[in-house]
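The values are calculated or read from the model by the stated rules, or taken from the named source; none is laboratory data. Computed from a prediction, not measured in an experiment: that's the story for all the values here. Cβ placement follows ideal geometry from the backbone for every residue including glycine, while neighbour counts extend to all protein chains displayed.
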Amino acid sequence: CPLTESWKDGATQILTERLGLKKEWQVVHLLPDLDGCRFTFEDNCKSDGYPGMNTAYAIQEIRYRVRDPGHVGVQVIGLPEGQEFATAEGDFNFHGCQDDAGMTIG
């Protein structure tokens, strides 16, 4: 359907918007685990945005693997120590920022 986006584009966009991970960073550090992906379709669901109207949801769940958990660039997601990190919706974390080159600031 020409009105839908690919799962790859959607995943890239959500990782950028919600976690602040630039597309270039994702390409270097993340590898989609295609065996861990799952697609579900929910039909005839109550719409959150339009009360009284039913809708359908196509849900694509994607699992990613970090290429090198010890790489300095993955500190923005708390690796390799397993440190907490903030999302774009959470509290600001000085260790979770990227400069224009994708390197950790802080």
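Figures for the structure shown
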read-out: Within region 45-62, tally of residues that are surrounded by 12 or more Cβ atoms within 10 Å (Cβ to Cβ) and assigned to a strand (DSSP E or B); value: 4
read-out: Pairs where the first residue, in region 39-57, is within 22 Å of A11 (Cβ to Cβ) and the second is part of a loop (DSSP other than H, G, I, E, B) and among the charged types (D, E, K, R), C-beta under 9 Å, 6+ apart; value: T55/D48
read-out: Test: residue in region 56-68 that is at pLDDT below 90, out of contact with any Phe, Trp or Tyr (no Cβ under 6 Å at 6 or more places or on another chain) and of a type outside the set (A, V, I, L, M, F, W, C); value: yes
read-out: Positions within region 10-32 being crowded, with 18+ Cβ neighbours inside 10 Å and either within 14 Å of H71 (Cα to Cα) or of a type in the set (S, T, Y) (or both), in sequence order; value: T12, W25, Q26, H29, L30
read-out: Which listed residue is assigned to a loop (DSSP other than H, G, I, E, B) and exposed (fewer than 11 other Cβ atoms within 10 Å of the Cβ), from E81, E42; value: E81
read-out: Test: G70 is in contact with a Pro (Cβ under 9 Å, 6 or more places away or on another chain), part of a loop (DSSP other than H, G, I, E, B) and either surrounded by 12 or more Cβ atoms within 10 Å (Cβ to Cβ) or of a type outside the set (D, E) (or both); value: yes
